[in-house]
Amino acid sequence: QEQFVESGGGLVQPGGSLKLSCTRSMGSFSILPVGWYRQAPGKQREFVASITRDGVPTYTDSVKGRFTIARDNDNNTVLLQMDSLTFDDTAVYFCNSLPPVRTWWGQGTQVTVSS
């Protein structure tokens with residue numbers, strides 16, 4: 001089944017960093033704009049960041065200056081570098097196209113910020 005696959009989550013203390021990686025189970029996504037999304041417990045899934053096929057990034061206000069999205073089309077990967085993490089960043093993180101395609105959602109990767 002054609003899905004996005006996320007990895008790199010984990011447990012980190014406030015102020016720490018994590019780097020998430022996104023790839024695709026089938027086919028390339030080098031021509032697609034790709035977004036990172038997250039869903040915190042009890043909340044709706046929300047947009048975090050995106051990157052066009054040409055590498056132009058967009059961020060939601062709450063992560064500007066802390067998160068950096070980048071893509072490596074040769075390796076079919078989109079990365080999300082997350083720095084200065086806070087408790088509010090705790091969520092399951094997903095990647096998908098922008099706009100997202102319902103059948104392309106993967107399992108996500110859990111990010112937990114805790115002291």
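Worth a mention:
- Counting all C-alpha pairs of the range 1-101, share separated by more than 20 Å (%): 32 percent
- Accessible surface, per residue, of the range 4-115 when the full set of protein chains is kept, probe 1.4 Å, Å²: 52 Å²
- At an R0 of 35 angstrom, the distance between the Cβ atoms of Val56 and Ser115 translates into a FRET efficiency of 0.50.
- Averaging over all projection directions, the Cα-based convex hull of the range 14-59 occupies 4.7 nm² in the image plane.
- For the chain, a simple Cβ point-charge model (Lys and Arg +1, Asp and Glu -1, everything else neutral) yields a dipole of about 160 debye relative to the Cα centre.
- Square roots of five times the Cα gyration tensor eigenvalues for the range 60-110, Å: 20, 15, 10
- 17 Å cut-off, amide nitrogen to a point 7 angstrom out along Asn73 Cα→Cβ, residues in the range 1-41: 23-24, 27-35
- Whole-percent carbon and sulfur share, accessible surface of the range 53-115, 1.4 Å: 48 percent
- Remark: the range 73-83, residue by residue, has Karplus-estimated 3J(HN,Hα) of 5, 5, 9, 6, 9, 10, 10, 10, 8, 10, 10 Hz, where x stands for each Gly or Pro and the curve is 6.51 cos²θ - 1.76 cosθ + 1.60 at θ = phi - 60°.
The values are calculated or read from the model by the stated rules, or taken from the named source; none is laboratory data. The shown structure was predicted, so the numbers you read here are calculated from the model rather than taken from an experiment. Cβ sites come from the backbone with ideal geometry, for glycine too, and all protein chains shown count toward neighbours. Calculation scope for accessible area: heavy atoms of the full protein, side chains included, ligands and nucleic acids excluded. Shrake-Rupley method; radii C 1.70, N 1.55, O 1.52, S 1.80 Å.
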